[in-house]
Amino acid sequence: MGKNILHNIESGIDGFSKGQKRIAFYILENYDKAAFMTASKLGQLAEVSESTVVRFASELGYDGYPSMQRALQEMIRSRLTSTQRIRAAGDLLERQDLLSAVIQSDIDKLRQMSGGADQREFDRVVDQLLDCRHIYILGVRSSSFVAGYLNFYMHLLTENVTLVQSNAAGEIFEQLLRIGPEDVMLAISFPRYSKVTLNTVKFAQDRGATIVAITDNKLSPLYQMSDEALLAPCEMISFVDSMVAPLSLVNALLIAIGRRLGTDVTRTFGELENIWNEYGIFGKMDDE
């Protein structure tokens, strides 16, 4: 839907039924909490049935309550502070098994990513990474771990990779001194989007590099700056970001690149196995 969900609720409120108006008013006043509620919980607080909540989502043009919920989450994710996220999640987590709730949330994100995956764009990204002169991988804050994971395996596949370290802004630009039109910057960023990442991407753009983004949705400022982008949801109740879907996406990229490189990868890992064995890098299991 093109417009903000709250705008759509406000503009359509006169045509809602009595029960739907209760839902509308509750969301307008408590959208930061409603974004993380089940349909049943939202109905309870708005004093309507769960089925009324589901019909309300359809009235707004969504194909179900989960779609409406995602629209709320996408609207607020870059606005909420960590404290607000903890408060919004508190009631939900107190009412169900914590381990199951977190695992189910991650499973839902993988399903969401799989359902919206664009194979053609994925293939274009693989082409960009294989055909460029040099790959610069950038990720700061929580995204730095995804960037580091990608960098570790990319270094086993190819020599032309640099992990851009983000200890200080000046150091970042020094690492990018030679970036140019034949290079790719693969930037990873999720809410709350780091200005360090966005400023660095702007520098790479100005130097003529191709920008490939891994981010959460099309409203992301990083998506708007990219030439190609792969999307992976990361919103998580409470104060942490879920990196399950982004890491799964990175795994797919690595495997796709490895398959395209074919015998070169086999040769590389054959050589590595010989080194590991010769120098006892990994412990061996007893024969018994």
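The values are calculated or read from the model by the stated rules, or taken from the named source; none is laboratory data. Every value quoted in this text rests on a predicted model; they were computed, and no experiment measured them. Heads up, the Cβs are rebuilt from the backbone with ideal geometry, glycines too, and the neighbour counts pull from every protein chain shown. To get the accessible areas, we keep the full protein, side chains included, count just its heavy atoms, and leave off ligands, DNA and RNA. Shrake-Rupley method; radii C 1.70, N 1.55, O 1.52, S 1.80 Å.
Go through the residues of region 142-162 one by one and say whether even a single one is touching a Ser or Thr at 6+ places or on another chain (Cβ under 7 Å) and either farther than 21 Å from residue 248 by Cβ or open to solvent by 50 Å² or more (accessible area, probe 1.4 Å) (or both).
no
Give the residues of region 132-141 that are at pLDDT 95 or above and either farther than 25 Å from residue 194 by Cβ or open to solvent by 10 Å² or more (accessible area, probe 1.4 Å) (or both), sorted by residue number.
Across region 132-141, the qualifying residues are 132, 133, 134, 136.
With 60, 99, 72 as the choices, which residue is more than 22 Å from the chain's Cα centre (by Cα), among the hydrophobic types (A, V, I, L, M, F, W, C) and modelled with pLDDT of 80 or more?
Exactly one of 60, 99, 72 is more than 22 Å from the chain's Cα centre (by Cα), among the hydrophobic types (A, V, I, L, M, F, W, C) and modelled with pLDDT of 80 or more, namely 60.
Of the residues that sit in region 3-46 and are in contact (Cβ under 8 Å) with a residue 24 or more places away in the chain and basic (Lys, Arg), which one is farthest from residue 67 (Cα to Cα)?
Across region 3-46, the extreme among qualifying residues is 22.
Looking only at region 179-186, decide whether some residue is open to solvent by 10 Å² or more (accessible area, probe 1.4 Å), assigned to a loop (DSSP other than H, G, I, E, B) and touching a residue at least 40 places away in the same chain (Cβ under 8 Å).
Yes: one or more hits.
May I ask you to list the residues in region 47-58 that are under 17 Å from residue 70 (Cα atoms), of a type in the set (A, V, I, L, M, F, W, C) and open to solvent by 20 Å² or more (accessible area, probe 1.4 Å)?
54
Within region 21-38, can you find the residues that are open to solvent by less than 20 Å² (accessible area, probe 1.4 Å) and at pLDDT 90 or above?
23, 24, 27
Got a number for residues in region 61-70 being within 18 Å of residue 11 (Cβ to Cβ) and surrounded by fewer than 20 Cβ atoms within 10 Å (Cβ to Cβ)?
Number of matching residues: 2.
What about residue 246, is it under 30 Å from residue 66 (Cα atoms), assigned to a helix (DSSP H, G or I) and touching a Cys at 6+ places or on another chain (Cβ under 9 Å)?
yes
For region 202-251, which positions are over 17 Å from residue 129 (Cβ atoms), open to solvent by 40 Å² or more (accessible area, probe 1.4 Å) and charged (D, E, K, R)?
202, 206, 207, 218, 241
Any chance region 102-109 includes a residue that's within 15 Å of residue 242 (Cα to Cα), open to solvent by less than 20 Å² (accessible area, probe 1.4 Å), at pLDDT 85 or above and not aromatic (Phe, Trp, Tyr)?
Within region 102-109 (the criterion being within 15 Å of residue 242 (Cα to Cα), open to solvent by less than 20 Å² (accessible area, probe 1.4 Å), at pLDDT 85 or above and not aromatic (Phe, Trp, Tyr)), the answer is yes, since at least one residue qualifies.
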